[in-house]
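Data block below; observations after.
The values are calculated or read from the model by the stated rules, or taken from the named source; none is laboratory data. Just so it is clear, the structure is predicted and the values come from calculations on it, not from any experiment. Cβ coordinates were reconstructed from backbone atoms using ideal geometry, including for glycine residues, and neighbour counts include every protein chain displayed. Accessible surface areas use protein heavy atoms only, side chains included; no ligands, DNA or RNA. Shrake-Rupley method; radii C 1.70, N 1.55, O 1.52, S 1.80 Å.
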Amino acid sequence: ATGLFVAGLYLMRIIAPDPNRDQLVTRSSKRRFSERVLGVDAPLLEVGPALVGAMGLAFAPVFWSQAIVTEVYALNALFLASVACLGLAWLAAVRNGTHPSLAGPVGAALLTGLGLGNHLTLAALAAPLLGLMAWRVRTRATTTRLAMVAALGVGLSVYLYLPLAASADPAIVWSDPT
């Protein structure tokens, strides 16, 4: 829950308009996020929730018990973190006024498709994030959106392998009731 709260705060920073965007501001004169939002200069408020979330995962026995067995959750966490990093970094670059590479949205769509082949819970984060990225595309919008859909389709093509594997008469077929 802490990680989702931090991700929500980060998304609010990306989406919210920044009145200082057009001004040239040096790093030393830039106010901290905690000072702008809460009115206090407390750097711990910026890294504290992320630190609590990271330590919660680092010492959570359920997380580690699922990470060391042959299960889908560790790979799903990797896909989730990768899609979130690509998407949030690209959205931050768009917010800062730079012209980021279009590899961010296309890569996030490809990883989302591959990740959905592993576990469908990835859709809970990836669908809104990809929608936001598609909405924020400014340059070559139609081409980028079509590339995102194509990359998602390529990632989802792992589902095309299932009928081929089942037709080879394997020892275990999960959909076979006998």
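Given axes a ≥ b ≥ c from the Cα gyration tensor, I'd like to know whether segment 62-178 is rounded (a/c under 1.5), prolate (a/b larger than b/c) or oblate. Oblate, since a/c reaches 1.5 and b/c is not below a/b. Each residue of segment 158-170 was assigned a 3J(HN,Hα) from its phi angle through the Karplus curve 6.51 cos²θ - 1.76 cosθ + 1.60 (θ = phi - 60°); the sequence is 4, 6, 5, 6, 4, x, 5, 5, 6, 6, 7, 6, x Hz, with glycine and proline shown as x.
Sort 112-119, 167-174, 51-58, 63-70 by packing, meaning the average of other beta carbons within 10 Å per residue, with the highest value first. Provide the component values of the computation, followed by the final result.
On the way: 112-119: 20.9, 167-174: 7.8, 51-58: 13.2, 63-70: 11.4.
Ranking, from highest mean packing down: 112-119, 51-58, 63-70, 167-174.
With a Förster radius of 30 Å, plug the Cβ-Cβ distance of Ala171 and Leu75 into 1/(1 + (r/R0)^6) and report the FRET value to the nearest 0.05. The formula returns an efficiency of 0.85 here. Solvent exposure of segment 95-167, expressed per residue, is 56 Å² of accessible area, with all protein chains present and a 1.4 angstrom probe. Once both labels are positioned 7 Å from their Cα atoms along Cα-to-Cβ, the gap between Ala92 and Ala50 label points is 0.6 nm.
The string of couplings for segment 123-134 from the Karplus curve (6.51, -1.76, 1.60, θ = phi - 60°) is 4, 4, 9, 5, 4, x, 5, 5, x, 5, 5, 5 Hz, one whole number per residue in order, with x for Gly and Pro. The distance between label points at Arg136 and Phe59 comes to 3.4 nm (points 7 Å beyond Cα on the Cα→Cβ vector).
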